[in-house]
Amino acid sequence: MESLAVELFKINAIKFGDYKTKVGLYTPVYFDLRVIISYPALMESLAQLMIEKVDIKNSKLVCGVPYTALPIATIISLKSKLPMVMRRKEAKSYGTKKLIEGVFSDGDSCLIIEDVVTSGSSILETVKDLKASGIVCSDAIVLLDREQGGEAFLAENGIKMHSILTITELMRLLLERGFITAEIKATVDDYIASNKVKSENVTISLKEDPCLT
Ligand SMILES: O=C(O)c1cc(=O)[nH]c(=O)n1[C@@H]1O[C@H](COP(=O)(O)O)[C@@H](O)[C@H]1O
């Protein structure tokens, strides 16, 4: 885990400053995993860690949350030999108009792959479309849990989230290796402690729609 933390820092995937999250919270640290496609060896070891973290053979399919997790999901599919499905962010207005691409059957179970979780809403958007297509989702594997309420929110919606790293662990490892100062770690720790996303403030839910639970 230590070398993963160091590599993420070295490829500039961890940014300190003033950033806004998808749910609208301002944050002193942002994880930009989009750069990972430029580092195939790192992507491969991350995919391997994810495979080892979950009981992958319990799933019939894998699906990455668009877009950053798509190449990671592809590597997991190649390594595990589990077929992949892809969720379109918008259904096509022409041709097949499908929301989910790939071959699947009603009742197939699917492991969700994601890079970073704050509220869990991005995972749930993907789960919602998969479920609407008859695919069963119960587990998600993520690289980084920002520990801001996503795990509890997903659990409320029937998804068990497994993470490779939490933000607390990551900051501790970076401090131990001398990449960040104690002051930066304290700023991030204080921010995380006082900035949790409450599930009632997340607009998407599977509970609203009894057909999907
Ligand atoms: O916006 C974020 O919360 C976020 C924080 C961060 O450090 N890194 C990051 O990539 N994100 C984005 O936010 C999404 C997760 O936020 P939630 O949907 O709130 O869990 C990810 O799929 C990213 O698009």
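A short reminder: the numbers here are calculations on the coordinates, not readings from a lab. Owing to the predicted nature of the structure, the values given are computational and were not obtained by experimental measurement. No Cβ is skipped: glycine too gets one built from the backbone with ideal geometry, and neighbour counts run over all protein chains shown.
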Notebook entry, point to check: Could you give the length gained on full extension between THR21 and ILE184, defined as 0.36 nm per residue of separation minus the Cα-Cα distance, in nm?
Noted result: 56.8 nm
Check: So which GluC sites (Glu not before Pro) in the range 1-102 pass both tests, a DSSP loop state and at most 14 other Cβ atoms within 10 Å of the Cβ?
Finding: GLU90
Item checked: Helix axis angle, 69-80 relative to the chain longest principal axis, alpha carbon, degrees -> 70 degrees
Check: Can you give the helix-only mean residue ellipticity at 222 nm for the chain, where every DSSP H stretch with n ≥ 4 adds -39500 (n - 2.57) and the sum goes over all residues, rounded to the nearest 500 deg cm²/dmol?
Finding: -11000 deg cm²/dmol
Notebook entry, point to check: What angle, in degrees between 0 and 90 and rounded to the nearest 10, separates the Cα long axis of helix 40-53 from the longest principal axis of the Cα atoms of the chain?
Noted result: 70 degrees
Check: Going by how many other beta carbons lie within 10 Å of each one, how would you line up ASP106, ASP115, fewest first?
Finding: ASP106, ASP115
Next item on the list: Pop a pseudo-label 7 angstrom from the Cα along the beta-carbon direction at both ALA193 and LEU78 and give the gap in nm to one decimal.
Entry: 4.4 nm
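On full extension of the chain, what length is gained from PHE9 through ILE204, given 0.36 nm per residue of separation minus the C-alpha to C-alpha distance?
Difference between extended and current length: 67.0 nm.
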Next item on the list: Determine the gain in length on full extension of the stretch GLU44-ASP106; use 0.36 nm per residue of separation and subtract their C-alpha separation, reporting nm with one decimal.
Entry: 19.3 nm
Check: If each of TYR30 and THR166 carries a label point 7 Å out from its Cα toward its Cβ, how far apart are those two points in nm?
Finding: 2.5 nm
Notebook entry, point to check: In degrees from 0 to 90, rounded to the nearest 10, what is the angle of the helix 167-176 Cα long axis to the longest principal axis of the chain?
Noted result: 30 degrees
Item checked: Likely footprinting exposure, MET43, MET161, fewest C-beta neighbours within 10 Å first -> MET43, MET161
